[in-house]
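For reference, the structure discussed in these notes is given below.
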Amino acid sequence: MPADRDVRPTSAPIVEDRPDGEAILEPSRRIGPHPRMPEAVVLCFFTEVLRAVGNEADELARLTWEHGVHPIYRLETPEGAVGVMHPGVGAPMAAGMLEGAIAYGGRRFVAAGGCGVLVPELTLGHVIVPTAAIRDEGTSYHYLPAARTIDLDPEVTAPICRVLDAAAAPYVTGTTWTTDAPYRETRAVVDRRRAEGAIAVEMECSAFAAVARFRGVRFGQILYAGDDLSGEEHDNRGWQRAKDIRRRLFDLAVRAALAT
């Protein structure tokens, strides 16, 4: 075999160096800015909340993927207008949706979602503000050099905490674990992540944070404690039926996005 053909990778592709430069599918060249897109945007994971918002807000635009359409709404509040959209579940989809929202003109983002908890004292509905995320997903490595964790933007987490304090909403701050594989959250891996200081697990935070840093926009997240992975047996706790908790978290995220 010729010498120039004998190229053997020395590491997994996910951690190899990535050259700078525009992507072939650069969002800013495919999605034009929208004149009415608010700079403050809430990335809301709660479908029942999005349905309600759709009845009281203007639809500005749509991001269309093979699985369907994601509307972007403009919600008017006494404090100002905020964009609202569902970012999709999982790091690759959520990162792509965030890219689209940035191309439309969003600049300050707060995500509102649920998470699994790794410590039993976080009861159903307790609010968690991530200050760092363990990068156990693949998407963030396409935006930033390989590293174990990513810190979230203190210029967003601080206003989030002020909003929660003003609302007398109990919360904790800490590290979340972002994973691509919820069905491979084994007891050994959960124990390992907890030993690193993680108190929650979800599927998007570190990817969101990496895209935001790469694109030069602001991002923060508010989570509520959902199912419990801290014991020997998984406890669902009926977390997806906690409609009042989810609506309140969305309302807090709107205030936080406008406060950044």
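The values are calculated or read from the model by the stated rules, or taken from the named source; none is laboratory data. No experiment lies behind these values; they were computed from the predicted model shown. Cβ sites come from the backbone with ideal geometry, for glycine too, and all protein chains shown count toward neighbours. Side chains are part of the model used for accessible areas, which takes the heavy atoms of the whole protein and leaves out ligands, DNA and RNA. Shrake-Rupley method; radii C 1.70, N 1.55, O 1.52, S 1.80 Å.
From GLU137, GLU155, GLU79, grab the single residue that is touching a residue at least 40 places away in the same chain (Cβ under 8 Å), touching a Leu at 6+ places or on another chain (Cβ under 8 Å) and of a type in the set (D, E, K, R).
Numbers: GLU137 fails: touching a Leu at 6+ places or on another chain (Cβ under 8 Å); GLU155 fails: touching a Leu at 6+ places or on another chain (Cβ under 8 Å).
Unique residue meeting the criteria: GLU79.
Checking PHE109 against (1) under 17 Å from the mean Cα position of the chain (by Cα); (2) within 21 Å of PRO170 (Cβ to Cβ); (3) open to solvent by less than 20 Å² (accessible area, probe 1.4 Å): exactly one of these is not met. Which one?
Of the numbered conditions (1) under 17 Å from the mean Cα position of the chain (by Cα); (2) within 21 Å of PRO170 (Cβ to Cβ); (3) open to solvent by less than 20 Å² (accessible area, probe 1.4 Å), the odd one out for PHE109 is (2).
Say we look at the range 49-68 and pick out the residues that are under 23 Å from GLY114 (Cβ atoms) and assigned to a strand (DSSP E or B); which of these is most open to solvent (accessible area, probe 1.4 Å)?
Among those residues, the one meeting the criterion is TRP65.
Yes or no, residue by residue, for (1) open to solvent by 10 Å² or more (accessible area, probe 1.4 Å); (2) in a helix (DSSP H, G or I); (3) in contact with a helix residue (DSSP H, G or I) (Cβ under 6 Å, 6 or more places away or on another chain):
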residue: VAL84; (1), (2), (3): no, no, yes
residue: VAL89; (1), (2), (3): yes, no, no
residue: MET97; (1), (2), (3): no, yes, no
residue: THR123; (1), (2), (3): yes, no, no
residue: THR157; (1), (2), (3): yes, yes, no
residue: ILE160; (1), (2), (3): no, yes, yes
residue: VAL163; (1), (2), (3): yes, yes, yes
residue: TRP177; (1), (2), (3): no, no, yes
residue: ALA188; (1), (2), (3): yes, yes, no
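Does ILE150 satisfy the condition of being in contact with a helix residue (DSSP H, G or I) (Cβ under 9 Å, 6 or more places away or on another chain), closer than 22 Å to GLU16 by Cα, open to solvent by less than 50 Å² (accessible area, probe 1.4 Å) and not polar (S, T, N, Q)?
Working: in contact with a helix residue (DSSP H, G or I) (Cβ under 9 Å, 6 or more places away or on another chain): yes; closer than 22 Å to GLU16 by Cα: yes; open to solvent by less than 50 Å² (accessible area, probe 1.4 Å): yes; not polar (S, T, N, Q): yes.
Considered against the rule, which asks whether it is in contact with a helix residue (DSSP H, G or I) (Cβ under 9 Å, 6 or more places away or on another chain), closer than 22 Å to GLU16 by Cα, open to solvent by less than 50 Å² (accessible area, probe 1.4 Å) and not polar (S, T, N, Q), ILE150 comes out as yes.
When the residues of the range 69-82 are filtered to those that are out of contact with any helix residue (DSSP H, G or I) (no Cβ under 8 Å at 6 or more places or on another chain) and charged (D, E, K, R), which remaining residue is least open to solvent (accessible area, probe 1.4 Å)?
Step one: of the range 69-82, the residues out of contact with any helix residue (DSSP H, G or I) (no Cβ under 8 Å at 6 or more places or on another chain) are 69, 74, 76, 78, 81.
Those still in the list that are charged (D, E, K, R) too: 74, 76.
On the way: ARG74: 50, GLU76: 107 Å².
The residue in question is ARG74.
Working only within the range 220-253, note down all residues that are open to solvent by less than 10 Å² (accessible area, probe 1.4 Å) and closer than 23 Å to GLY83 by Cβ.
We begin by selecting, within the range 220-253, every residue open to solvent by less than 10 Å² (accessible area, probe 1.4 Å); these are 220-226, 249-250, 252-253.
GLY220, GLN221, ILE222, LEU223, TYR224, LEU249, PHE250, LEU252, ALA253 - these are the residues of the range 220-253 that are open to solvent by less than 10 Å² (accessible area, probe 1.4 Å) and closer than 23 Å to GLY83 by Cβ.
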